[in-house]
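Undergrad: Could you have a look at this structure, given as structure tokens, before my questions?
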Amino acid sequence: MTDTAQAPGHSATKRSLIDVLELDIRLLGMLVAFFAIAVIFTIWTGGTFLIPRNIFNITVQTVPVAIMACGMVFVIVSRHIDLSVGSMLAMCSAVMAMMQAYWLPSLLGLEYGNPLILILTILIGLGAGTLMGAATGWLVGYQGIPSFIVTLGGLFIWRNVNWFTTNGQSVSLTDPNLLMFGGTEGVLGAPVSYALGVAASVVAVLVILAARKNKVGHGFTVKPMWAETAMMAVIVAAIMMFVTWLSRYPIPPSKLRRMFEARGETVPEGYTAMHGLPISVLILILVAVVMTVVARKTRFGRYIFAAGGNPDAAELSGINTRLLNVKIFALMGFLCGLAALIAQARLQSHGNDIGMLEELRVIAAAVIGGTALSGGVGTIYGAVLGALIMQSLQSGMAMVGVDTPFQNIIVGLVLIIAVWVDIIYRKRMGITK
Amino acid sequence: MNRNGQTPLVEMKDVSISFGGIKAVDHVSIDLYPGEVVGLLGHNGAGKSTLIKILSGAYQMDAGEIRINGKKATIENPRDARAHNIETIYQTLALADNLDAASNLFLGRELVKNGLVDDAKMEAETRKIMGRLNPNFKKFNVPVSALSGGQRQSVAIARAVYFNARILIMDEPTAALGPHETQMVAELISELKAQGLGIFLIEHDIHNVMKLCDRASVMKNGELVGTVNVDEVTDDDILGMIILGKKPAHLAA
């Protein structure tokens with residue numbers, strides 16, 4: 001089978017560049033919107049928007065919402081909704097904060113900074129999220145209560161169980177290890193970041209080539225090699241650009257001094273160090289990759305999309321749709337736990353209002369990213385990009401001095417316009433779903 | 001009944017099911033032998049689809065017994081039915097519109113390689129069986145929502161045929177089809193019959209029943225009016241059973 005199974009150029013079925021590259025129009029639209037935002041604010045701020053420090057901050061601030069948006073894609077694709085994610089985040093955060101500050105040290109007699117505290121806190125926090133999600137899924141799947149109602153109840157319940165757990169007080173993170181998930185306190189440095197960037201590029205290229213080989217092996221037509229190469233070049237360039245940018249954000253000298261002092265050393269003359277990739281962003285990338293694989297290449301993912309496309313068909317195909325709902329919501333809860341770990345580490349404390357109204361941002365990110373509320377359609381990369389677009393808008397507006405109320409008004413308008421444009425596009429293309 | 005010493009593929013004995021006090025199926029007994037097509041007839045609401053959904057696992061009967069190959073079978077959900085090699089083509093087709101043909105064909109029974117679904121293999125298999133069932137079918141990489149009625153039908157049929165069904169249930173398979181496609185379905189039914197499958201065919205068109213079926217079971221108001229050999233009756237006899245709810249005089253024992 002050859003690569004160039006295309007019709008000759010003079011044929012009426014000549015394909016457009018977008019078809020040849022097999023590009024997703026929605027993804028393209030989102031990327032254009034994202035770059036437009038970047039360009040506008042770069043000009044408006046006289047270049048400050050694009051400096052490594054700002055890019056670093058935007059990515060770090062995006063992480064919790066983006067992680068939860070990945071789970072929300074599955075929830076919405078299966079024709080459900082989860083309004084309780086902000087409250088579940090708060091609840092997980094409360095459990096973890098109390099664990100590391102009071103419960104574990106007093107119950108197990110562990111000293112602050114003991115790695116066991118870190119491990120147990122994370123496991124219990126993620127477990128709490130998974131359990132809360134599973135309970136939601138059980139009520140939805142086995143008892144048939146609409147997810148809107150169950151999670152609306154959850155929104156009130158978990159927010160206030162959270163209040164009781166901490167007696168309404170803020171809890172500061174006394175365990176120093178936990179802070180590494182926050183962003184600036186947990187970075188990999190330039191050399192490791194570059195190494196990871198190169199490794200990721202290699203893996204991306206290998207995956208694309210393996211998929212191509214598999215298709216050719218079954219005798220299917222594949223896109224021409226030049227198109228494949230171009231795609232690989234774009235992906236590798238994007239990965240390396242991102243890593244380079246974050247690796248150009250220096251750690252301030254005062255902080256370097258503190259870091260060295262903590263180890264009983266002094267900073268060598270002329271020593272500098274760069275932030276590089278934050279651990280939290282690495283976690284988001286891992287979550288996005290794993291969730292994409294789950295969505296596209298596992299039975300679980302296939303069933304989520306089938307149940308969203310036609311619940312009856314899924315049921316009649318022998319899929320256990322009740323258990324499927326439990327799994328979907330449990331996964332959502334797990335990701336809320338993960339987001340809580342990162343959110344509280346970034347704020348360096350658990351506050352009562354942590355995650356307040358995040359459910360709306362998470363749903364908005366998924367929807368801006370092309371997830372259809374009617375179910376059956378959605379992508380993980382879209383949701384992550386949706387979260388990134390919202391955060392860039394908000395950060396950009398804050399930088400040029402737009403007041404907070406106006407920021408929120410514009411984010412709201414963007415949500416509506418994104419869905420509106422998508423509907424117009426689908427009508428034009430005659431796509432029903 | 002034991003025709004020619006054969007064991008029936010399916011025996012449904014005294015099957016009943018009610019929905020909120022209404023007896024949708026009331027003590028109905030039907031059977032099906034290998035290489036046989038049994039037509040199920042009756043007005044809308046007579047209970048044909050409900051009876052068939054009990055066999056395909058979508059509904060659970062309140063009373064009665066199902067035997068498959070002479071052995072008592074418990075069918076509590078569609079998975080159980082599939083395990084007994086019962087495949088169903090629903091009137092609604094039961095396709096996930098957002099997925100492509102291969103994903104629909106293998107839905108619930110995906111081919112897996114190294115823990116991940118093997119889409120390339122599934123597409124290759126789908127191309128193979130569609131080449132046999134509907135050689136004009138070319139749209140393998142689009143959601144089935146983009147297909148015509150006939151193409152969607154052939155995906156649903158391919159799904160029922162691919163997994164070596166022994167018992168096939170077809171709920172009005174030609175209702176949405178044009179003459180040419182109807183002919184293709186008729187040919188397929190004859191071919192499957194020759195391979196020894198047993199087929200339950202829900203059908204409104206008496207002409208199709210007379211042409212395709214060996215026996216016909218007529219239902220009215222949830223009860224079985226009777227089962228007749230198609231070559232012993234006329235169109236009018238069957239119409240009489242459907243409308244009047246009585247077996248024709250010359251067959252009434």
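Undergrad: Shielding by partners for B:122-128, please: the mean number of other protein chain Cβ atoms within 10 Å of each residue's Cβ.
TA: Mean number of neighbouring Cβ atoms from other chains: 2.
Undergrad: Shifting gears a bit: According to the square roots a ≥ b ≥ c of the eigenvalues of the Cα gyration tensor, what is the shape class of the stretch B:14-57, taking rounded for a/c under 1.5, prolate for a/b larger than b/c otherwise, and oblate for the remainder?
TA: Prolate is the answer for the stretch B:14-57, as a/c is 1.5 or above and a/b outweighs b/c.
Undergrad: Compute the angle between helix B:119-133 and the longest alpha-carbon principal axis of chain B, please, reported from 0 to 90 degrees and rounded to the nearest 10.
TA: Here the helix axis deviates by roughly 50 degrees.
Undergrad: Taking a virtual spin label 7 Å from the Cα of A:THR221 along the C-beta vector, which residues in the stretch B:137-159 bring their backbone nitrogen under 13 Å of it?
TA: Zone members listed by number: B:138-141.
Undergrad: Report, as an integer, the average count of C-beta atoms from other chains found within 10 Å of each Cβ along A:302-313.
TA: Averaged over the peptide's residues, the number is 6.
Undergrad: Next up: Could you sort the peptides B:90-98, A:216-224 by per-residue average Cβ neighbour count (10 Å cutoff), highest mean leading?
TA: Listed from highest to lowest mean packing, they are B:90-98, A:216-224.
Undergrad: With the Cα gyration tensor of chain A giving a ≥ b ≥ c as the square roots of its eigenvalues, does the rule (a/c under 1.5 for rounded; else a/b larger than b/c for prolate; else oblate) give rounded, prolate or oblate?
TA: It is oblate, given that a/c is not under 1.5 and a/b is not larger than b/c.
Undergrad: Take the alpha carbon atoms of the stretch A:304-331, find their center, do the same for the stretch B:172-226, and report the distance between the two centers in whole angstrom.
TA: Measuring centre to centre over Cα atoms gives 32 Å.
Undergrad: Sequence gap at least 6, Cα distance under 8 Å: using those rules, report the relative contact order of the stretch B:97-164 to the nearest whole percent.
TA: Computed over the stretch B:97-164, the figure is 43 percent.
Undergrad: Add -39500 (n - 2.57) for each DSSP H run of 4 or more in chain B, then divide by its residues: what number comes out at 222 nm, to the nearest 500 deg cm²/dmol?
TA: -9500 deg cm²/dmol
Undergrad: Moving on to the next point. Students often forget the sequence filter, so: which lysines lie under 19 Å Cα-Cα from B:LYS247 once same-chain residues fewer than 8 apart are removed?
TA: Excluding near neighbours in sequence, the set is B:LYS48, B:LYS220.
Undergrad: Classify the stretch B:97-164 as rounded, prolate or oblate from the Cα gyration tensor: take a ≥ b ≥ c as the square roots of its eigenvalues, call it rounded if a/c is under 1.5, otherwise prolate when a/b beats b/c and oblate if not.
TA: prolate
Undergrad: Can you list the DSSP H helices in chain A whose Cα atoms extend at least 30 Å along the helix axis and whose mean Kyte-Doolittle hydropathy is 1.6 or higher?
TA: Result, helices passing both filters: A:115-141, A:225-246.
Undergrad: Assuming 0.36 nm per residue, please report the length gained on full extension of the stretch A:VAL419 to A:THR272 beyond their Cα-Cα distance.
TA: Full-extension gain reported as 48.3 nm.
Undergrad: Taking the stretch A:187-277, how much of its Cα-Cα pair set, in percent, is spaced more than 15 angstrom apart?
TA: The share of Cα pairs beyond 15 Å in the stretch A:187-277 comes to 68 percent.
Undergrad: Run down the lysines and flag those whose C-alpha is under 17 Å from the C-alpha of B:LYS113, throwing out any fewer than 8 positions away in its chain.
TA: Within the straight-line cut-off, B:LYS113 pairs with A:LYS213, A:LYS215, A:LYS297, B:LYS121.
Undergrad: Still on this model: What distance in nm lies between label points placed 7 Å from Cα along the C-beta direction at A:LEU179 and A:VAL203?
TA: In this crude label model, A:LEU179 to A:VAL203 measures out at 2.9 nm.
Undergrad: Give me, ordered by chain and number, the residues 5 or more places off B:ALA63 or on other chains with an amide H under 5 Å from its own placed amide H.
TA: Counting only residues 5 or more places away or on other chains, the set is B:SER16.
Undergrad: Sticking with this structure for a sec: In whole Å, what three semi-axes, largest first, describe the equivalent ellipsoid of the stretch A:372-433 built from its Cα gyration tensor (square root of 5 times each eigenvalue)?
TA: 27, 13, 9
Undergrad: When the scattering of chain B is computed by the Debye formula from its Cα atoms alone, each counted once and equally, what is log10 I(q)/I(0) at q = 0.17 Å⁻¹?
TA: Treating every Cα as an identical point scatterer, log10 I(q)/I(0) equals -1.34.
Undergrad: Which loop-located GluC sites (Glu not before Pro) does the stretch A:223-265 contain, where loop means any DSSP state but H, G, I, E or B and the Cβ has at most 16 other Cβ atoms within 10 Å?
TA: Of the GluC sites (Glu not before Pro), the ones in loops of the stretch A:223-265 whose Cβ has at most 16 other Cβ atoms within 10 Å are A:GLU265.
Undergrad: Follow-up. Could you identify which residue out of A:VAL75, A:VAL63, A:VAL236 has the top mean-square fluctuation in a GNM of chain A using Cα springs shorter than 10 Å?
TA: A:VAL236
Undergrad: Right, here's the next one. Just tell me the longest site-free run in chain B, where the sites are trypsin sites (Lys or Arg not before Pro) in a DSSP loop having at most 14 other beta-carbon atoms within 10 Å.
TA: B:1-137
Undergrad: For chain B, find the longest principal axis of its Cα atoms and tell me its angle to the long axis of helix B:235-244, 0 to 90°, nearest 10.
TA: With rounding to tens, the tilt is 80 degrees.
Undergrad: A further question follows. Compute the separation of the alpha-carbon centres of the stretch A:228-253 and the stretch A:147-201 and state it in Å as a whole number.
TA: 25 Å
Undergrad: What Kirkwood hydrodynamic radius, in Å, does the stretch B:1-122 give when the mean of 1/r is taken over all pairs of distinct Cα atoms and then inverted?
TA: Taking every pair of different Cα atoms in the stretch B:1-122, averaging 1/r and inverting gives 16.4 Å.
Undergrad: On to the next question. Of the peptides A:247-258, A:88-99, how do they stack up when ordered by the mean number of other Cβ atoms within 10 Å, highest first?
TA: Sorting A:247-258, A:88-99 by mean packing, highest first, produces A:88-99, A:247-258.
Undergrad: Continuing with the same structure: In whole percent, what relative contact order does the stretch A:187-277 give with Cα contacts below 8 Å and a gap of six or more residues?
TA: Rounded, it is 48 percent for the stretch A:187-277.
Undergrad: Same structure, new question: Rounded to whole Hz and in sequence order, give me ³J(HN,Hα) for the stretch B:136-147 from the Karplus expression 6.51 cos²θ - 1.76 cosθ + 1.60, θ = phi - 60°, writing x for Gly and Pro.
TA: These are the phi-based 3J(HN,Hα) values: 7, 6, 10, 8, 8, 10, 10, x, 5, 5, 8, 9 Hz.
Each reported figure results from applying straightforward, stated rules to the coordinates on display, with no laboratory input. Bear in mind that the values here come from a model prediction, so they are computed numbers and not experimental data. Glycine gets a Cβ as well: all are built from the backbone with ideal geometry, and neighbour counts include every protein chain shown.
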